[in-house]
Every structure is written in structure tokens, then in C-alpha cells.
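Structure first, then comments.
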Amino acid sequence: MNHPVPTQTEPGYLRGLNNPQRDAVLTTEGPVLVLAGAGTGKTAALTARLAHLIATRRAWPSEILSVTFTNKAAREMKERVGRIVGDAVEGMPWLGTFHAVGAKMLRRHAELVGLKSNFTILDTDDQLRLLRQLITAADLDEKRWPARQLGGLIDRWKNRGWEPRQVDAAESEVYANGKGAELYTRYQERLKALNACDFGDLLLHMLTILRTHRDVLELYQQRFKYILVDEYQDTNQAQYLWLRLLAQERKNICCVGDDDQSIYSWRGAEVANILRFEKDFPGAKIIRLEQNYRSTPHILGAASGVIAHNGGRLGKTLWTEHDKGEKVSVIGVWDGPEEARRIGEEIESLQRRGTRLDAVAILVRAQFQTRELEDRFIAIGLPYRIVGGFRFYERAEIRDALAYLRVIAQPADDLAFERIVNTPKRGLGDKAVAKIHGFARAAGMSLFSAAAQILDTDELAGAARKSLGNLVGDFARWRSRLDELPHSELARLVLDESGYTAMLQAERSAESAGRLENLTELTRAMEEYETLGAFLEHVSLVMENDAERDVEKVTIMTIHAAKGLEFDTVFLAGWEEGVFPSQRSLDEGGNARLEEERRLAYVAITRARRKCFIVHAANRRIYGQWTSSIPSRFVAELPADHVDQETTMSGGESLWRANWSERADPFADIARGSGRGPGWQRAATGGGFERTPTRIVEARASAVSLGNPGRTDISLGQRVFHSKFGYGNVAGIEGNKLEIDFEHAGRKRVLDSFVSIA
């Protein structure tokens with residue numbers, strides 16, 4: 001098909017490469033853009049190209065600039081090239097990450113930007129400490145204008161290649177009513193006084209030097225005979241400008257990337273960089289790697305069908321010689337807990353058929369989605385691991401919230417009290433905490449009791465004593481309300497009154513928004529337990545899950561974290577509007593953000609080698625309320641020839657697909673946030689729904705009624721069991737939908753397939 005016949009004289013590094021890969025290796029002169037689709041062997045081509053340049057003596061290893069995005073990628077590249085060219089790879093000082101190469105250059109020319117060659121590179125903690133000093137010196141309230149927010153802004157400006165003088169008034173206005181640029185200036189001055197820089201400076205300073213010192217620019221333009229760039233679609237503006245300056249003289253630049261996998265705009269990546277490559281380098285050769293070595297035709301067909309709906313792309317058609325395999329399974333379930341139950345059952349079935357758990361992954365759009373999956377897997381004893389983040393109950397904000405609840409439930413819990421005594425900041429620093437510790441040890445009592453009693457002494461200064469008194473009083477008040485309020489409501493009250501929620505809101509970052517979502521999910525999870533003590537006991541049991549570290553485990557991770565990885569079987573959970581694509585993208589990002597979400601869907605599907613499951617729920621708890629969930633528009637974009645729909649949902653999905661196709665923007669007439677608009681109605685609260693799109697619910701109802709007339713073994717008054725709501729009696733039957741009076745959950749409407757005879 002696309003395999004060249006090797007000759008006996010050709011070098012080993014060309015053997016096994018297909019024609020486009022060989023083209024990417026052998027086209028050495030002039031600008032080259034290698035569009036490498038998912039799983040098309042781009043690393044093999046890039047490695048062979050490097051080896052070819054060295055083996056054919058086109059350049060000494062020290063005359064090649066090769067940049068990657070991670071240290072791991074740089075190490076792997078060096079090891080692969082080393083296996084081909086031997087010791088020559090040790091002479092490649094310019095193979096590394098953007099930051100590593102930038103640092104090496106900057107140490108040689110540091111004096112040109114007011115630094116010494118032995119400058120220090122600040123980590124995030126040091127950077128935030130310095131920013132707090134500047135915020136205090138500017139007489140600003142750090143609670144109102146957090147250092148983390150300013151740090152995020154400065155990082156964004158540096159990613160764009162902006163020095164302080166280039167920050168305009170509109171950008172500066174974002175922080176402290178227009179003081180952003182001024183604080184950026186002071187920050188840079190302070191860094192130079194400390195002979196230090198942050199990670200953003202490693203490229204920004206070199207960009208300044210290359211722009212203002214022609215001799216330095218010409219030095220590197222002459223030195224680097226060839227430039228290779230991996231993952232070019234992930235470059236930010238500063239990286240793009242840096243590369244373009246270095247490549248302008250010789251123009252021997254080869255960029256490898258995939259515009260369909262550009263998913264990091266939130267950290268500065270600009271897909272426009274790869275889209276305008278031909279404009280930046282007229283006459284550039286475009287080589288498309290389209291033969292996929294990872295996935296089956298059905299998986300590739302599904303992914304290609306979705307990404308084809310994006311307008312801003314260069315385009316390519318993935319194909320494979322693999323057998324067709326199984327179609328992508330699209331499964332519609334009733335709610336979030338049922339989603340977790342169903343995924344667990346499918347994984348157990350795969351395991352019984354010989355699939356290794358470490359060949360299975362569950363990919364989610366947001367970290368808060370993992371909580372129900374984790375709880376379900378704990379219940380059925382299915383080993384799992386969280387990659388690219390902490391398990392739900394190990395995340396800092398969750399542990400902080402739990403610490404507050406533990407002190408309410410058990411005042412003698414010293415570890416919990418110590419964790420939150422000054423979180424959020426309330427003026428109780430290390431010295432104040434040390435005095436409380438000393439008082440507790442001397443009196444043989446808990447830290448909380450010591451805190452209450454030390455208030456009657458002069459051990460603490462006035463401000464610290466007042467702050468501690470407020471905290472002790474808060475805990476007394478919260479504890480008194482434990483029997484008055486549902487414990488989930490009490491948790492929300494504690495998070496608000498302690499200032500913890502306000503602390504995260506003040507950060508105004510994507511990270512803090514995710515942490516707030518996690519806290520919302522925590523309080524929602526508490527509703528499933530009768531008492532605070534029962535919930536805290538459950539958490540303790542969950543935390544023991546990681547005891548067996550050497551057993552096979554299912555991988556749970558976000559789609560972003562999964563980029564570059566592959567698994568035999570992949571479950572894609574939560575494919576609903578507002579979850580994926582995310583509501584923030586729909587509300588704030590316009591078409592550009594929607595297209596990035598679609599690229600994320602493409603990345604998610606192409607992580608699967610053999611089997612891909614896509615799951616969406618008809619109902620989901622969002623911010624504590626049951627809401628009818630509409631399937632993601634990406635579900636409708638899946639080509640029917642490559643998809644198997646589950647029977648009970650397929651009729652509804654067919655109508656859903658028609659509903660999307662008959663309008664350019666099905667959501668254009670929906671008044672966001674109000675629940676009003678054509679086709680929407682307020683549903684009856686008895687069913688537990690908040691906003692319900694009429695046509696979709698009716699479509700599902702008719703499809704379910706036609707496809708499944710209902711079980712014959714269930715009758716009125718029958719006692720049944722539901723995995724979420726517990727025991728109850730059937731009060732009404734309509735097709736395969738049941739109304740059940742549950743002993744603890746009240747009347748609920750559920751599908752008969754979700755209950756068993758008690």
C-alpha cells in the first residue's frame with residue numbers, strides 16, 4: 001500500500017519507514033512541515049531525520065537545534081538517536097526542551113539583559129513569595145488581588161513575548177484596576193536585582209537579545225544549520241517568534257505536529273502557529289503522515305468524522321492496515337452513578353475475557369468526574385490509579401475541606417486542626433501555632449482545646465488572639481448546627497464562612513475554578529450518606545485503596561493528561577453538553593474554544609487501540625441539583641457507519657442527531673442560565689430534574705417505550721432494590737419506566753433495568 005521496498009545499500013534507520021516518513025527524513029533542505037496524525041509514527045520519522053543529518057555529515061551534532069516540550073521526550077529522542085549514530089549523540093548540546101535550550105543560551109549572554117551568568121531560576125513558590133512582597137508594597141489587599149492571579153497574568157504576557165512596556169492599558173486593567181503592567185515592571189526589576197529569572201524569562205530574555213543584538217542573532221543563525229521542532233502545534237507566541245528568528249537565514253526548519261491535536265490554549269499554545277507555517281516560510285513542503293499504526297479503522301473513522309466539523313485545520317485522512325475491529329460503542333445511561341456502575345461492569349467483563357487492567361483507561365474532561373468512578377470501583381474492589389493528578393480525596397482542596405469536617409466531628413483531631421488553623425490565611429503563622437503546640441503538650445490536651453484555653457492568656461498577640469478566637473467560635477457554632485442542618489449543607493456553610501470558597505474565587509484562574517468544582521462535587525457526594533460520621537468513615541476506607549501498589553490497575557485520567565498515550569480499551573465518560581464540551585468553553589470561548597474542545601474529542605478517541613466506549617448520562621448532578629443532560633454535540637458528529645448505539649437509547653439518539661443537523665446552532669435560542677427558550681420546559685420536581693429539553697426527553701421516552709415495553713416480572717406494589725436509592729416499592733409503571741417509593745430517598749422515577757427484585 002504505502003511501503004517502499006528497501007534496498008540493500010540504504011541505511012538501517014530508513015528500513016521499516018513508509019514513503020511519507022522517508023520523505024520527512026530525506027527532505028533536508030528548506031522549510032518542512034510534517035503533519036503527523038495520531039499514531040502515525042512521527043517519533044520514528046523525527047529520530048531518523050536527526051540520525052540522517054548526522055550520518056550523512058550534513059551537520060555536526062552541535063550544529064543541530066532540536067527542541068521538544070518535555071524532558072522525557074528529549075531523553076527518549078537522545079536515546080533513540082544514540083542507538084543509531086552511537087557516541088556522536090553526546091555532541092548534541094542543543095537537544096532539549098525550549099526552557100533548557102533557552103537557559104543554555106541565556107547564560108552565555110546574560111549581561112545583555114542585566115543579569116550575571118550564574119543567575120537563579122525561581123520556582124513557583126519563590127515567584128509567588130516575591131509577588132506577594134510587591135503586592136504588599138503597592139498597598140494592595142492580597143485577598144482581593146491574589147499573587148497567583150498576578151503570576152498567571154505575567155506568565156501569559158511572557159508567553160506572548162511581551163515585555164512590561166508592551167502590555168497595553170486593556171491588559172493592565174485586568175489586575176488591580178490598571179496596576180498590572182506597573183507591577184510587572186517592578187517584578188522584572190526585582191528579579192534583576194536578585195540576579196534571578198522565572199521560566200518565562202528564559203525565552204523572553206533571549207527573544208529580547210535576538211531582537212536587539214544583531215551579532216548574537218547572526219551567531220545562532222550561522223551555528224544552527226538545521227532546526228527540528230516536535231509538537232509544533234503546542235508552541236506559544238514567544239516560542240514561535242524565537243524559532244522564526246533563528247530560522248530566517250538558512251530556513252532549514254522542520255516542524256512536526258498535528259493541528260488536530262492542539263489542545264493547550266489555556267497555557268498559551270496557539271494553533272495559528274502551525275496553520276500559518278506556509279505563510280511564514282514560503283515554498284515550504286508539507287508532508288502528511290496519515291498511516292496509523294495504533295487504532296482500528298472504526299476508531300479512526302469515528303475520530304475523523306468528529307474532527308471534520310472543525311473549520312480551522314489543514315486536513316488529513318488517517319488510514320490503517322489493521323482489521324476493522326469493533327465499532328465504537330455509544331452508551332446512554334440514566335445518571336452519573338449508573339455511568340460509573342456500567343463502566344465498572346464492562347471492565348469486569350473485559351477482565352474475565354483476559355484483558356489486563358493496565359490496558360484499560362477511563363478518560364474524563366474534568367477532574368471532578370472521577371469521584372463517582374472512584375467510589376464505585378472501591379465498592380466492587382476494582383483496582384485503579386489516577387494519573388496526572390491526585391485521587392479525588394487526596395486533592396489539596398478536598399483534604400482541607402475534610403479537615404474542617406473532621407474537627408467538627410472530632411475536636412481532638414490534631415492533624416486536621418493543624419492543617420486548617422491558618423488556611424485560608426488568618427494571621428496564625430508558625431510562631432502562633434508553635435505556642436498552641438507548647439500549651440497543648442504542657443497541659444496534655446488536644447490542639448483545639450489548647451487553642452480555646454490559650455485565648456485566656458497573653459501568649460498570643462492581639463491580632464493573632466482575635467483571629468484564633470474567631471476560629472474557635474466558628475467551630476463551636478458549626479458544631480452546634482450539626483443536628484440542625486444536613487451535613488452536606490453544613491459543609492457548604494463551613495466552606496463559605498471559613499473564607500475558603502472566597503479564597504479560591506479570588507484566584508480567578510482555571511485551576512481555582514476546577515478546585516471549586518471539586519468542592520461542589522464533595523458536598524454533593526456527602527448527600528449519599530446518612531451522617532457526617534458515616535461519610536468520613538467512607539473516605540477513610542477509600543484512602544486505603546492504594547495499599548496494593550504492584551497489582552494491575554485501571555487508569556483514570558483527564559483527556560489532556562492522556563495526550564501521547566495509548567490503551568487497548570478506552571472509556572470516554574461524561575459526553576454531555578456542559579461537561580464535554582465544557583460549559584465554560586461554550587459560554588466564554590466562542591467558536592475557537594469549541595473547535596479546541598472538538599480537537600480534545602479527537603485526541604480522546606484516538607487513544608484507543610482496539611475498543612472505544614463513549615458514555616453519556618441522561619441526568620447528572622451539577623452544582624448540587626439534578627439536571628437533565630443533553631448528549632454532547634460530538635456524539636451526533638460520530639459517523640453512523642463506525643458506531644454502535646445501545647438499544648434503549650438508539651431511537652433517542654437518532655432524533656438527537658436529526659435535531660443537531662437541522663439547525664446550524666441548536667443552542668442559539670436558549671437563554672443561558674435561565675432555562676428558557678424554544679423547546680425547553682420546567683420539568684416536574686418529582687422526577688428530580690431541573691432543566692429539561694422537551695424534544696429530547698420526548699424522543700427518549702418514545703424510543704424507550706418502543707424498544708422496551710417493560711419487564712413482566714415487576715408489578716405494582718413489588719418490593720425492589722436500586723443500587724443508588726436502596727429499597728422501595730413500585731408505585732407506578734409506564735412501559736419500562738417505574739415510579740418507586742424508596743424508603744430513604746422518597747419517590748423517584750427510574751428505568752426497570754436499573755432495579756432488581758428484592
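Within region 740-758, track down each residue that is part of a strand (DSSP E or B), among the hydrophobic types (A, V, I, L, M, F, W, C) and over 22 Å from Arg621 (Cβ atoms).
Hit for region 740-758 is Ile757, nothing else.
Criterion first (over 18 Å from Phe368 (Cα atoms), open to solvent by less than 10 Å² (accessible area, probe 1.4 Å) and hydrophobic (A, V, I, L, M, F, W, C)) does Phe571 satisfy it? Steps first, please.
Working: over 18 Å from Phe368 (Cα atoms): no; open to solvent by less than 10 Å² (accessible area, probe 1.4 Å): yes; hydrophobic (A, V, I, L, M, F, W, C): yes.
Against the criterion (over 18 Å from Phe368 (Cα atoms), open to solvent by less than 10 Å² (accessible area, probe 1.4 Å) and hydrophobic (A, V, I, L, M, F, W, C)), Phe571 does not qualify.
Picking from Ala36, Ala59, Ala44, which residue would you name as being closer than 30 Å to Ser295 by Cα, in contact with a helix residue (DSSP H, G or I) (Cβ under 6 Å, 6 or more places away or on another chain) and at pLDDT 90 or above?
Ala36
Looking at region 43-71, which of the residues that are open to solvent by 20 Å² or more (accessible area, probe 1.4 Å) and among the hydroxyl-bearing types (Ser, Thr, Tyr) is nearest to the chain's Cα centre (by Cα)?
Filtering region 43-71 for residues that are open to solvent by 20 Å² or more (accessible area, probe 1.4 Å) and among the hydroxyl-bearing types (Ser, Thr, Tyr), the one nearest to the chain's Cα centre (by Cα) comes out as Thr70.
What residue, among those in region 391-414 that are farther than 18 Å from Tyr500 by Cβ and not acidic (Asp, Glu), is least open to solvent (accessible area, probe 1.4 Å)?
Kept after step one, since they are farther than 18 Å from Tyr500 by Cβ, are these residues of region 391-414: 391, 410-412, 414.
Among the residues that remain, those that are also not acidic (Asp, Glu) are: 391, 410-412.
Details: Arg391: 21, Gln410: 97, Pro411: 42, Ala412: 61 Å².
Out of the qualifying residues, it is Arg391.
Considering only residues that are among the aliphatic types (A, V, I, L, M), free of Cβ contacts under 8 Å to residues at least 60 places away in the same chain and closer than 19 Å to Ile64 by Cβ, look in region 192-225 and name the one that is surrounded by the most Cβ atoms within 10 Å (Cβ to Cβ). Outline the logic, then answer.
Narrowing region 192-225 to residues among the aliphatic types (A, V, I, L, M): 193-194, 196, 202-204, 206-207, 209-210, 216-217, 219.
From what's left, free of Cβ contacts under 8 Å to residues at least 60 places away in the same chain: 193, 204, 207, 210, 217, 219.
If we keep only those that are closer than 19 Å to Ile64 by Cβ as well, we get 210, 217, 219.
Working: Leu210: 21, Leu217: 17, Leu219: 15.
The residue in question is Leu210.
Pairs under 8 Å by beta carbon, first residue charged (D, E, K, R) in region 493-504, partner open to solvent by 40 Å² or more (accessible area, probe 1.4 Å), six or more apart or different chains?
Asp496/Ala502
From the list Phe439, Phe417, exactly one residue is aromatic (Phe, Trp, Tyr) and open to solvent by less than 20 Å² (accessible area, probe 1.4 Å). Which is it? I'd like the intermediate steps shown before the answer.
Numbers: Phe439 fails: open to solvent by less than 20 Å² (accessible area, probe 1.4 Å).
Being aromatic (Phe, Trp, Tyr) and open to solvent by less than 20 Å² (accessible area, probe 1.4 Å) holds for just one of Phe439, Phe417, which is Phe417.
Can you find, within region 203-239, the residue that is nearest to Arg57 (Cα to Cα) among those that are outside any helix (DSSP H, G or I) and more than 35 Å from the chain's Cα centre (by Cα)?
Lys225
Tell me whether region 20-31 contains one or more residues that are exposed (fewer than 14 other Cβ atoms within 10 Å of the Cβ) and in a loop (DSSP other than H, G, I, E, B).
Yes, some residue in region 20-31 is exposed (fewer than 14 other Cβ atoms within 10 Å of the Cβ) and in a loop (DSSP other than H, G, I, E, B).
Applying the selection to region 491-504, what residues are touching a helix residue (DSSP H, G or I) at 6+ places or on another chain (Cβ under 9 Å), under 14 Å from Glu142 (Cβ atoms) and surrounded by fewer than 19 Cβ atoms within 10 Å (Cβ to Cβ)?
Selection gives Ala502 alone.
Here is a check on your reading of the model: is Ala181 within 30 Å of Ala51 (Cα to Cα), open to solvent by less than 80 Å² (accessible area, probe 1.4 Å) and small (Gly, Ala, Ser)?
no
Using the structure shown, decide if Gly332 is open to solvent by 30 Å² or more (accessible area, probe 1.4 Å), of a type outside the set (Lys, Arg) and either under 30 Å from Thr423 (Cα atoms) or not in a helix (DSSP H, G or I) (or both).
no
Residue-by-condition table, conditions (1) among the basic types (Lys, Arg); (2) in contact with a Leu (Cβ under 6 Å, 6 or more places away or on another chain); (3) closer than 20 Å to Ile556 by Cα; (4) at pLDDT below 95:
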residue: Ile287; (1), (2), (3), (4): no, no, no, no
residue: Thr296; (1), (2), (3), (4): no, no, no, no
residue: Gly301; (1), (2), (3), (4): no, no, no, no
residue: Gly312; (1), (2), (3), (4): no, no, no, yes
residue: Lys324; (1), (2), (3), (4): yes, no, no, yes
residue: Val328; (1), (2), (3), (4): no, no, yes, no
residue: Leu363; (1), (2), (3), (4): no, yes, yes, no
residue: Thr370; (1), (2), (3), (4): no, no, yes, yes
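If we keep just the residues of region 124-144 that are touching a residue at least 60 places away in the same chain (Cβ under 8 Å) and not in a helix (DSSP H, G or I), which is farthest from Glu173 (Cα to Cα)?
Lys143
Tell me whether region 257-279 contains one or more residues that are closer than 25 Å to Gly590 by Cβ, part of a helix (DSSP H, G or I) and over 31 Å from the mean Cα position of the chain (by Cα).
Checked against the condition, which is being closer than 25 Å to Gly590 by Cβ, part of a helix (DSSP H, G or I) and over 31 Å from the mean Cα position of the chain (by Cα), region 257-279 yields at least one hit.
I'd like the full set of residues that are crowded, with 24+ Cβ neighbours inside 10 Å, small (Gly, Ala, Ser) and assigned to a helix (DSSP H, G or I), limited to region 580-614.
Ala601, Ala604
Quick one: Val174 ticks every box in (1) of a type outside the set (S, T, N, Q); (2) under 28 Å from the mean Cα position of the chain (by Cα); (3) open to solvent by less than 10 Å² (accessible area, probe 1.4 Å) bar one, so which box is it?
(3)
Here is a yes/no grid of residues against (1) within 24 Å of the chain's Cα centre (by Cα); (2) part of a loop (DSSP other than H, G, I, E, B); (3) under 15 Å from Ser723 (Cβ atoms):
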{"residue": "Glu346", "(1), (2), (3)": "no, no, no"}
{"residue": "Gln351", "(1), (2), (3)": "no, no, no"}
{"residue": "Arg371", "(1), (2), (3)": "yes, no, no"}
{"residue": "Arg376", "(1), (2), (3)": "yes, no, yes"}
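Can you name every residue in region 449-500 that is touching a Ser or Thr at 6+ places or on another chain (Cβ under 6 Å) and of a type in the set (D, E, K, R)? Let's see the steps before the verdict.
Narrowing region 449-500 to residues touching a Ser or Thr at 6+ places or on another chain (Cβ under 6 Å): 488, 491-492, 495.
Listed by number, the list holds a single entry, Arg492.
Is it true that some residue in region 147-166 is assigned to a helix (DSSP H, G or I) and surrounded by fewer than 14 Cβ atoms within 10 Å (Cβ to Cβ)?
So far as region 147-166 goes, yes, one or more of its residues are assigned to a helix (DSSP H, G or I) and surrounded by fewer than 14 Cβ atoms within 10 Å (Cβ to Cβ).
What's the number of the only condition in (1) open to solvent by less than 20 Å² (accessible area, probe 1.4 Å); (2) within 27 Å of the chain's Cα centre (by Cα); (3) over 24 Å from Ala51 (Cβ atoms) that Asn292 fails to meet?
The single condition Asn292 does not satisfy is (3).
What about Gly283, is it over 30 Å from Gly152 (Cα atoms) and either free of Cβ contacts under 8 Å to residues at least 12 places away in the same chain or out of contact with any Asp or Glu (no Cβ under 9 Å at 6 or more places or on another chain) (or both)?
Judged against the criteria, Gly283 is a match.
Among the residues of region 726-739, how many are part of a strand (DSSP E or B) and either farther than 20 Å from Ala617 by Cα or small (Gly, Ala, Ser) (or both)?
9
Please enumerate the residues belonging to region 482-504 that are under 17 Å from Arg426 (Cβ atoms), outside any loop (DSSP other than H, G, I, E, B) and within 28 Å of the chain's Cα centre (by Cα).
Val494, Leu495, Asp496, Tyr500, Thr501, Ala502, Met503, Leu504, listed by residue number.
Residues in region 713-748 that are modelled with pLDDT under 80, open to solvent by 50 Å² or more (accessible area, probe 1.4 Å) and over 19 Å from Ala340 (Cα atoms): how many?
Within region 713-748, residues that are modelled with pLDDT under 80, open to solvent by 50 Å² or more (accessible area, probe 1.4 Å) and over 19 Å from Ala340 (Cα atoms) number 1.
The values are calculated or read from the model by the stated rules, or taken from the named source; none is laboratory data. Keep in mind it's a predicted model, so treat the numbers as computed, not measured. With ideal geometry, Cβ positions are generated from the backbone for all residues, glycine too; neighbour counts draw on all protein chains shown. Quick note on the areas: whole protein, heavy atoms, side chains included, nothing else; ligands and nucleic acids left out. Shrake-Rupley method; radii C 1.70, N 1.55, O 1.52, S 1.80 Å.
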